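**Q** Here it is, the structure in full.
The values are calculated or read from the model by the stated rules, or taken from the named source; none is laboratory data. Just so it is clear, the model here is predicted, and its values are computed rather than measured. Glycine also receives a Cβ, built like all others from the backbone with ideal geometry; neighbour counts cover every protein chain displayed.
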Amino acid sequence: MKTINIASTEKSPKVLFDPKKYIFEMEGNSRPENVRDFFYPIIDTLRDFFEEISPEKKFTDNETAFNFNFKLEYFNSASAKFISDILVIIKNGNDKGLNMKVNWYFDDGDDDMKEVGEDFSEMITFPFSFIMMQR
């Protein structure tokens, strides 16, 4: 199983994918200079991992959800396209019978980020958990 651990920079988010712990996290700002070079390896890894899991296998037990935590402070429109691609992978995994959960974090008072999450949730027809953070 391939893991991903990318440290955040001023222009790119921290990304962690640990299939053994059933977690994917993206945190910070996303406006990388070459958005394709940043996101394609992430998307390819996620797609490969979730395509290899059979619906019968699920994860180690049926009670365990694979958690996707999005803690983004800002992302540009180019990043939004790739974030939506990741969300489609999540939806497809869920449609296969995998237990997937999306947690969309937003800062207290950042109604725009919450609304973007709501729009993504409606677009892929998958329910998110919305979690307000106090900073």
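**Q** Could you identify the single residue in I42, I89, I131 that is out of contact with any Lys or Arg (no Cβ under 6 Å at 6 or more places or on another chain), of a type in the set (V, I, T), surrounded by 18 or more Cβ atoms within 10 Å (Cβ to Cβ) and at pLDDT 90 or above? Spell out the reasoning first.
**A** Values: I89 fails: out of contact with any Lys or Arg (no Cβ under 6 Å at 6 or more places or on another chain); I131 fails: surrounded by 18 or more Cβ atoms within 10 Å (Cβ to Cβ).
Selected residue: I42, the only one of I42, I89, I131 that is out of contact with any Lys or Arg (no Cβ under 6 Å at 6 or more places or on another chain), of a type in the set (V, I, T), surrounded by 18 or more Cβ atoms within 10 Å (Cβ to Cβ) and at pLDDT 90 or above.
**Q** Hey, among the residues in segment 99-122 that are in contact with a helix residue (DSSP H, G or I) (Cβ under 7 Å, 6 or more places away or on another chain) and farther than 17 Å from G28 by Cα, which one's surrounded by the fewest Cβ atoms within 10 Å (Cβ to Cβ)?
**A** This residue is F120.
**Q** Return only the number of the condition from (1) crowded, with 18+ Cβ neighbours inside 10 Å; (2) under 15 Å from the mean Cα position of the chain (by Cα) that V35 does not satisfy.
**A** (2)
**Q** How many residues does segment 69-112 hold that are charged (D, E, K, R) and part of a strand (DSSP E or B)?
**A** Keep residues of segment 69-112 that are charged (D, E, K, R), which gives 71, 73, 81, 85, 91, 95-96, 101, 107-108, 110-112.
Next, only the ones that are part of a strand (DSSP E or B) stay: 71, 73, 101, 107.
Adding up the residues that qualify gives 4.
**Q** Ok, one more. For segment 17-53, name all the residues that are of a type in the set (F, W, Y) and closer than 12 Å to S79 by Cβ.
**A** Taking segment 17-53 and keeping what is of a type in the set (F, W, Y), we get 17, 22, 24, 38-40, 49-50.
Answer for segment 17-53, where residues must be of a type in the set (F, W, Y) and closer than 12 Å to S79 by Cβ: F38, F39.
**Q** Related question: Report, by residue number, each residue of segment 1-34 that is part of a loop (DSSP other than H, G, I, E, B) and β-branched (V, I, T).
**A** If the condition is that a residue be part of a loop (DSSP other than H, G, I, E, B) and β-branched (V, I, T), then T3, T9 are the ones that fit.
**Q** Whether any residue in segment 45-68 is modelled with pLDDT of 95 or more, closer than 16 Å to N5 by Cα, among the β-branched types (V, I, T) and assigned to a strand (DSSP E or B) is what I want to check.
**A** No: segment 45-68 contains no residue that is modelled with pLDDT of 95 or more, closer than 16 Å to N5 by Cα, among the β-branched types (V, I, T) and assigned to a strand (DSSP E or B).
**Q** Looking at segment 81-113, which of its residues are closer than 25 Å to P32 by Cβ and more than 15 Å from the chain's Cα centre (by Cα)?
**A** D107, D110, D112
**Q** Now a separate question. Which condition breaks for A7 when tested against (1) touching a residue at least 12 places away in the same chain (Cβ under 8 Å); (2) touching a strand residue (DSSP E or B) at 6+ places or on another chain (Cβ under 9 Å)?
**A** (1)
**Q** Would you tally the residues in segment 20-33 being modelled with pLDDT of 95 or more, at negative phi and either touching a His at 6+ places or on another chain (Cβ under 8 Å) or not β-branched (V, I, T) (or both)?
**A** Restricting attention to segment 20-33, the residues satisfying the condition of being modelled with pLDDT of 95 or more are 23-32.
Next, only the ones that are at negative phi stay: 23-27, 29-32.
Cutting the leftovers down to either touching a His at 6+ places or on another chain (Cβ under 8 Å) or not β-branched (V, I, T) (or both) gives us 24-27, 29-32.
Residues meeting the conditions: 8.
**Q** State yes or no: is G93 in contact (Cβ under 8 Å) with a residue 24 or more places away in the chain and more than 20 Å from N5 (Cβ to Cβ)?
**A** Yes, satisfied.
**Q** Would you be able to say whether some residue in segment 121-135 is under 22 Å from K2 (Cβ atoms) and more than 14 Å from the chain's Cα centre (by Cα)? Steps first, answer last, please.
**A** As a first pass, look at segment 121-135 and keep what is under 22 Å from K2 (Cβ atoms): none.
No - not one qualifying residue is present in segment 121-135.
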